[in-house]
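One structure is given below, encoded as structure tokens.
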Amino acid sequence: MLQDPHQRPPATLQELSAVLRRATIFSRLTDAQLQTLARRTRLVRLAGGEILFRQGDKARALYLLVQGQVKLYRTSAAGDDVIIDLLDAGTTFGETRVFLENPHCHLSCAALDDAEVATIDLPTFLTVLHDSVETCLLLLRRISERAERHVEDIDHLALQSGTCRVAGYLLGQLPPGRNEYVLKVSKGVMASRLAIRAETLSRILRQLGAEGIVSVSSRNIVRVHSRQKLQRLTSQTEQIKR
């Protein structure tokens, strides 16, 4: 777990309440309920690569990513990190631990770059939930949406080739109305998130470039030359070998 020396100077109650208010699952709380949470919330700064919590740690907090990016991952028997999710600022995580007795972290979490995280005391949040049905419903919706997205991820991993996964990821990151953007993560992180080897990702990117579909520069600038062809790739599934 993160050590105290990495904490930022204590924020005021007003600052913490304003930070929490921006998160969807806290949006229906009264000012008094929000201040109750804020009193048991602290802001923690993480350097790139720094670990917030490890798989198996006692789950003591609900988290809100204030700035930066973090990865949720598990470590394989071979010592490789398998990325389960990549989270951007404004996202809450750790919600699934709220309703468990003696909860432990089922994933590890580390910052991809400099980040700031609000850690909210789990028992305090559970107490507030007892007095806010609307917040309970928002929380359940959030957990359900994330579970549904993870099932979709499993479908992609089981039914799509590496090329399809890469195409889908690149298309999903493309801002509306644009054909160019900068990758938010390194190619190594991207490969891990898509469950392929780094060398496989490099080969697929070279192939997409040779076919005039997508090019990725050394500075991770992605240029989509044919959105239609990229879209077609994302809908292809692996043929089951019999």
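A short reminder: the numbers here are calculations on the coordinates, not readings from a lab. Keep in mind it's a predicted model, so treat the numbers as computed, not measured. With ideal geometry, Cβ positions are generated from the backbone for all residues, glycine too; neighbour counts draw on all protein chains shown.
Calculate, for SER27 and ASP153, the FRET efficiency according to 1/(1 + (r/R0)^6) with r their C-beta to C-beta distance and R0 35 Å; round to the nearest 0.05. Please list the in-between numbers first.
Numbers: r = 27 Å, r/R0 = 0.76.
After rounding to 0.05, the efficiency reads 0.85.
Taking H placed 1.01 Å from N in the peptide plane, check which residues at least 5 places from VAL214 or on another chain put their amide H under 5 Å from its amide H.
Placed amide hydrogens put GLY209, HIS225 under 5 Å from VAL214.
In nanometres, what is the gap between the two model label sites at SER144 and ARG178, each 7 Å from Cα along Cα-to-Cβ?
3.3 nm
Along each principal axis of its Cα atoms, how long is the chain end to end? Whole angstroms, biggest number first, please.
So the three principal-axis extents are 58, 40, 40 Å.
Can you give the percent of C-alpha pairs in the stretch 125-185 whose distance is more than 18 Å?
Beyond 18 Å sits 60 percent of the P(r) for the stretch 125-185.
Classify the stretch 55-100 from the C-alpha gyration tensor, please: rounded if a/c falls under 1.5, else prolate or oblate depending on whether a/b exceeds b/c.
Taking the square roots of the gyration eigenvalues as a ≥ b ≥ c, the stretch 55-100 is oblate.
Restrict the search to the stretch 34-113; then list the GluC sites (Glu not before Pro) that DSSP places in a loop and that have at most 10 other Cβ atoms within 10 Å of their Cβ.
Those that pass, being in a loop and sparsely packed, are GLU101.
Using 7 Å Cα-to-Cβ label points, what is the ASP81/ALA198 separation (nm, one decimal)?
The two pseudo-label positions are separated by 1.2 nm.
From the mean inverse distance of alpha carbon pairs (Kirkwood) and the Cα radius of gyration, derive Rg over Rh for the stretch 12-64.
Value, to two decimals: 1.02.
Hey, got a sec? Which trypsin sites (Lys or Arg not before Pro) in the stretch 42-125 land in a DSSP loop and have at most 14 other Cβ atoms within 10 Å?
Loop-located and lightly packed - ARG54.
Taking one equal scatterer on every alpha-carbon of the stretch 160-234, how large is log10 of I(q)/I(0) by Debye at q = 0.21, 0.23 1/Å?
-0.88, -1.09
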